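The next block holds one structure in the form of structure tokens; read it before the comments.
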Amino acid sequence: MYYNYKTYPSTNSKSVIFFAAPFGIKIKQLNWAIKSLQKEGYTVVAYDADDKILTLGKPELLEETVRNIAVDIKDQIDAYKSGGYTDFGFFGSSLGAFLMYYCVATIPELKWGVLNTGGDAAEAVWRHPELRKLHQKLGTDPDFIARAWRKLQYPRFKNMRGKRILFVSSNFDFVLPRSEIDPFLEPMRQAGAKVEVMEVNIWGHNLTVLFGLIQAKKLIKEVHQV
């Protein structure tokens, strides 16, 4: 198994947020962001992924991991529903946003949440200096990766009426720039979701992601209408 999860319970509400960390960042490093949501009354189920899913030159590992986490989230939702929980959201950053993008398409109960940067995952890997060098050494290329991840990158969005999604992005994010995200927003809109974009003038991918994490509580309030 190439992922871990940890639950941060709250007894103040019946709302659950599924939280997915960026590539290379572990749950314990994001305790401060997760606990800011927990203090607002949300139960948070946080996930992180093993770096190996992007560093072994085996694109199938990412697909396997994303699908396994999606199944786990479905199982968690069923368990929470049996305990009286009725309200489920998400917060995914960078690779975590890629994961949640797929989950939003395949899990009807995820009604609201934040995608903290996102876009073409194969291009993002190739724009990441260390990952690009690694994949070049392993003999993989962007086309090979894109074909391997196509079903994850372009999931089928069905009825998304009533879903509310906030997308955080910057054109100064040279890994996942704002100018390239529309092809990933329109399918959700066409399926009936209300999708808004928060454009921020922040330089670089990591700082854009950090901004979203710092603002997690505020961003969730923007999209979670109770």
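Taking the three principal axes of the alpha carbon atoms in segment 174-226, the coordinate ranges are 32, 29, 13 Å, sorted in descending order.
Springs between Cα atoms under 10 Å define the GNM used for the chain, and in it the highest mean-square fluctuation of L176, L95, L131 occurs at L131. Think of it as helices only: each DSSP H run of n ≥ 4 in the chain is worth -39500 (n - 2.57), and spread over all residues that comes to -13500 deg cm²/dmol at 222 nm. Taking Lys and Arg as +1 and Asp and Glu as -1, the other residues whose beta-carbon sits under 11 Å from that of A105 total +4. Think of the chain as having a plus end and a minus end, set by charges on the Cβ of Lys, Arg, Asp and Glu; of L138, G24, A46, A46 sits farthest toward the positive end of this dipole. Semi-axis lengths, largest first, of the ellipsoid equivalent to segment 121-174 are 28, 17, 6 Å, with √(5λ) applied to each eigenvalue of the Cα gyration tensor.
Highest mobility in the GNM of the chain, judged by mean-square fluctuation with C-alpha springs under 10 Å and restricted to M100, M198, M188, is found for M198.
Expressed as a fraction of 2.2 N^0.38 Å, the C-alpha radius of gyration for the chain is 0.95. Taking the number of Cβ atoms within 10 Å of each Cβ as an exposure proxy, the fewest-first ranking of V223, V200 is V200, V223.
Across the cross-link table entries K52/K133; K26/K52; K28/K218; K52/K137; K6/K26; K81/K194, which are compared at the Cα atoms, the separations over 19 Å belong to K28/K218; K81/K194.
Based on the Cβ-Cβ distance from R132 to K28, what FRET efficiency comes out when R0 is 30 Å, to the nearest 0.05?
Between R132 and K28 the formula returns 0.60.
Kindly provide the pair-distance distribution of segment 147-193 built from C-alpha pairs, with 10 Å bins from 0 and whole-percent values in order of increasing distance. It works out to 24, 46, 29, 1, in whole percents. For the residues P59, P155, P129, a GNM of the chain with alpha-carbon springs under 10 Å puts the largest fluctuation on P129. Of the beta bridges in segment 3-223, as assigned by DSSP with both residues counted there, near 20 percent are antiparallel. Cα-Cα pairs above 21 Å in segment 109-226: how many percent? Distances greater than 21 Å cover 45 percent of the Cα pairs.
Read-outs throughout are calculated quantities, based only on the coordinates presented, and are distinct from any laboratory measurement. Note that the structure is predicted; figures quoted are calculated from it, not measured. Here Cβ is always computed from backbone atoms with ideal geometry, including for glycine, and neighbour counts include all displayed protein chains.
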